[in-house]
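Enquirer: One structure coming up, written as structure tokens, with questions to follow.
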Ligand code: B12
């Protein structure tokens with residue numbers, strides 16, 4: 001990370017005197033412009049979730065963390081570990097750029113999204129989340145927003161943890177962190193399992209009547225070394241393996257060819273060097289990621305005809321530079337990515353390879369004391385469709401002390417997925433060499449301020465997404481466009497010992513051709529979190545209202561549109577420090593045992609209890 005002090009002192013002049021979102025004004029973020037800066041110098045709506053916050057919510061999955069954030073809507077085909085789509089501000093799941101420590105998470109699927117739902121909660125030390133386009137900084141994929149999951153902790157403590165819960169839930173985790181002179185070494189492991197419940201109770205196939213459990217094993221190791229005052233480096237490796245049971249839905253034509261189990265392996269190796277002196281800083285990061293996903297019939301096992309295997313390797317190098325200039329800074333860099341995918345069935349093996357290079361330039365400057373201006377531009381070169389440019393600009397004006405108005409415009413794009421572009425014989429999908437990237441334009445206007453104890457922000461935005469890629473039985477085509485309008489209000493307030501965090505969001509995502517609302521997104525959502533301490537007992541109550549949404553009933557022919565009802569959900573979490581090292585935690589999720597669906601025909605968990613303890617040393 002870029003040295004704190006030099007940058008902070010330069011940017012503190014531009015820092016807005018109110019404090020945006022739920023982070024403290026001096027919270028440093030790295031995701032907005034790829035260098036460290038105080039969160040209140042970022043003009044786009046930004047949220048930071050710390051490990052402490054995740055422990056307070058007692059979130060067991062990455063989705064349980066994300067659902068609490070403004071602008072996020074999630075549909076999931078069942079409970080823990082099941083396939084899920086995360087829609088930011090009403091955009092599609094593939095329009096979110098998912099980063100792990102600043103490195104893009106591979107997109108192995110035909111649907112061109114990263115498997116965010118497979119990422120174990122144990123790896124998350126922090127999440128930085130930006131709403132709105134960021135392609136002008138990151139390139140492909142950052143249309144709806146960016147979710148950067150950070151695995152490295154600044155803490156130097158070790159911890160062991162164990163927990164149990166209803167529906168056969170168990171978790172065990174341990175982290176050892178030790179400083180050896182200028183080196184900090186971390187080794188961690190986690191195991192999580194649940195017997196869960198039957199995700200498709202309406203299936204007409206007997207074999208689907210079982211419970212659809214989930215199991216995860218995670219390993220993490222890292223070395224961080226300080227070479228001198230201005231140079232530090234790191235080496236990090238982590239891996240996880242997930243096993244997920246799911247359902248076919250109806251009696252299959254051939255059980256061997258009807259997968260109902262997924263075995264997923266992921267490993268990631270990252271290394272980097274950072275230099276920072278006076279007003280200049282630079283970082284070089286290299287990453288190698290590898291994943292394997294088997295889908296197979298649980299009746300026949302993984303080594304039988306009918307198993308599909310998707311293997312993906314991604315190599316990535318990033319070189320970024322930042323220079324403090326006047327009351328602001330300029331950054332420039334280059335990144336290179338190579339994606340290799342092999343999708344195998346018993347009959348076929350489709351192999352794909354693609355190299356992408358991107359060059360970016362971003363600048364931020366304070367002018368006239370109260371105005372901050374920002375601009376970024378980026379060109380990406382793709383082997384298939386050539387160069388693609390994106391840009392964005394934003395202005396912030398602190399018109400009265402403690403109140404800031406922001407206005408921004410940005411373009412974004414998403415390169416077609418490898419299988420979309422080059423076809424997939426195993427699914428009978430032809431290649432479409434003319435496939436173009438999906439493109440977006442977004443306007444956003446916001447006002448934020450601190451009024452008494454309340455720190456609030458209201459934003460309204462309008463997206464236009466063109467060249468949307470859709471599919472039929474033969475292939476993928478750029479056929480659609482969508483318009484999404486939205487309004488969101490976020491506020492944080494402390495009343496005595498109680499902290500409140502409230503989000504109100506309204507979105508109207510529409511298919512331009514049919515003028516129909518996009519599926520699986522709720523128009524209205526309320527997210528309210530209250531927390532506090534009573535005589536050392538920490539408590540947290542979460543309320544979430546998810547408005548009605550539309551989905552498809554695939555069980556009829558032709559399939560038909562169905563409405564999923566709105567739902568109010570309450571969660572209650574408490575924690576108690578028995579000693580300064582030992583904390584016990586308890587949680588009831590879905591307190592009133594509400595039945596609801598976020599994907600038609602797929603059940604959700606109902607009320608769940610968990611009890612856990614952690615010991616820090
Ligand atoms: C349409 C569909 C497909 C289409 C996707 C077309 C595309 N986008 O390119 C096709 C036929 C290609 C497909 C493939 C697979 N699918 Co599929 N698919 C569905 C289905 C019926 C509807 C999804 C949808 O349209 N949602 C509506 C839109 C508005 O929401 P969305 O968030 O944009 O939906 C996107 C994602 O669901 C994504 N998607 C679809 N399937 C899969 C599978 C995975 C693992 C991922 C990450 C994403 C994904 O594509 C959708 C459209 O872009 C769902 C069942 C359901 N009722 O939801 C199963 C479902 C999501 N698929 C499933 C599976 C297992 C697969 C396969 C792994 C099957 C296999 N053995 O190969 C493959 C994955 C292939 C690959 N390498 O990517 C399972 C996931 C189960 C789980 N818990 O993990 C589901 C839930 C069906 C089931 N058996 O219960 N699928």
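Enquirer: Of all the strands (runs of 3 or more DSSP E) wholly in region 505-588, which have at least 2 residues that are surrounded by fewer than 15 Cβ atoms within 10 Å (Cβ to Cβ) and either within 16 Å of the ligand (Cβ to nearest atom) or modelled with pLDDT under 95 (or both)?
Expert: Passing ranges, in order: 524-534, 560-564.
Enquirer: Could you give every pair whose Cβ atoms fall below 6 Å, whose first residue belongs to region 67-83 and is closer than 18 Å to residue 57 by Cα and assigned to a loop (DSSP other than H, G, I, E, B), and whose second residue is at pLDDT 95 or above and near the ligand (Cβ under 10 Å from one of its atoms), counting only separations of at least 6 or pairs across chains?
Expert: Once the first residue is closer than 18 Å to residue 57 by Cα and assigned to a loop (DSSP other than H, G, I, E, B) and sits in region 67-83, its partners that are at pLDDT 95 or above and near the ligand (Cβ under 10 Å from one of its atoms) give 67/74; 80/214.
Enquirer: Applying the selection to region 84-100, what residues are near the ligand (Cβ under 6 Å from one of its atoms) and assigned to a loop (DSSP other than H, G, I, E, B)? Don't jump to the end; show me each part of the working.
Expert: Our first condition is that a residue be near the ligand (Cβ under 6 Å from one of its atoms); within region 84-100, this holds for 85, 92-93.
If the condition is that a residue be near the ligand (Cβ under 6 Å from one of its atoms) and assigned to a loop (DSSP other than H, G, I, E, B), then 92 is the only one that fits.
Enquirer: Could you look through region 298-320, keep only residues that are within 14 Å of residue 34 (Cα to Cα) and crowded, with 19+ Cβ neighbours inside 10 Å, and pick out the one that is nearest to the chain's Cα centre (by Cα)?
Expert: Within region 298-320, the match that is nearest to the chain's Cα centre (by Cα) is 318.
Enquirer: A follow-up question, please. Return a yes/no flag: does region 121-135 have any residue that is within 14 Å of the ligand (Cβ to nearest atom), assigned to a loop (DSSP other than H, G, I, E, B) and at positive phi. Quick ask: steps written out before the conclusion?
Expert: So the first thing to find is which residues in region 121-135 are within 14 Å of the ligand (Cβ to nearest atom), and the list is none.
There is no residue in region 121-135 that is within 14 Å of the ligand (Cβ to nearest atom), assigned to a loop (DSSP other than H, G, I, E, B) and at positive phi.
Enquirer: Keeping to region 241-296, report how many residues are away from the ligand (no atom under 11 Å from the Cβ) and at positive phi.
Expert: 1
Enquirer: Would you mind finding the one in 103, 72 that is farther than 20 Å from residue 468 by Cβ and away from the ligand (no atom under 16 Å from the Cβ)? Steps first, answer last, please.
Expert: Details: 72 fails: away from the ligand (no atom under 16 Å from the Cβ).
Exactly one residue qualifies, and that residue is 103.
The values are calculated or read from the model by the stated rules, or taken from the named source; none is laboratory data. Predicted, not measured: the structure shown is a model, and the values here were computed from it. Every residue, glycine as well, gets a Cβ built from its backbone with ideal geometry; the counts of neighbours run over all protein chains shown.
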